[in-house]
1. Any idea how far the Cα center of segment 17-54 sits from the one of segment 59-77, in Å?
2. Mind checking the full-extension length gain between residue 76 and residue 12? Use 0.36 nm per residue of separation minus the Cα-Cα distance, one decimal, nm.
3. Which value in deg cm²/dmol, rounded to the nearest 500, describes the helix-derived mean residue ellipticity at 222 nm for the chain, given -39,500 (n - 2.57) per DSSP H run of n ≥ 4 and division by the residue count?
4. Can you give the Kirkwood hydrodynamic radius for the chain, in Å, rounded to one decimal and based on Cα pairs?
5. Which residue, 80, 64, 52, has the most motion in a Gaussian network model of the chain that connects Cα atoms within less than 10 Å?
6. Once fully extended, how much extra length lies between residue 24 and residue 47, figured as 0.36 nm per residue of separation less the alpha-carbon to alpha-carbon distance?
7. At a threshold of 8 angstrom on Cα-Cα distance, excluding pairs fewer than six apart, so keeping six or more, what relative contact order does segment 2-91 reach in percent?
8. Only bridges with both residues in the chain count here: give the DSSP antiparallel percent, nearest 5.
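What follows is calculated from the coordinates using simple rules that are stated; it is not laboratory data. Please read these numbers as outputs of a predicted model, since none were measured by experiment.
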């Protein structure tokens, strides 16, 4: 699905987002963060991320503060920054 995202440094982006019911956190691709120069912040703790098959997929050490809008729904959230390969965002439980 397409989602409109506004970053903390006032960039408006149209991104590809996957709603993932198995995903505990909302995540944003680290390459997208780098390319679009999306502002991030370090978190006080880090946590490991695992795929559904229990293989480790990385460690999260920073988040991006975003406002996401899908159709008429709008929410402010912190997205974990990690490698998502071919997807811009995963929308998780948070």
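1. Segment 17-54 and segment 59-77 have Cα centres separated by 11 Å.
2. Going from the current span to full extension adds 21.7 nm.
3. Estimated from H runs of four or more residues: -2000 deg cm²/dmol.
4. Taking the inverse mean of 1/r over all distinct Cα pairs, the chain comes out at 13.3 Å.
5. 52
6. 7.1 nm
7. Value for segment 2-91: 40 percent.
8. The answer is about 80 percent antiparallel.
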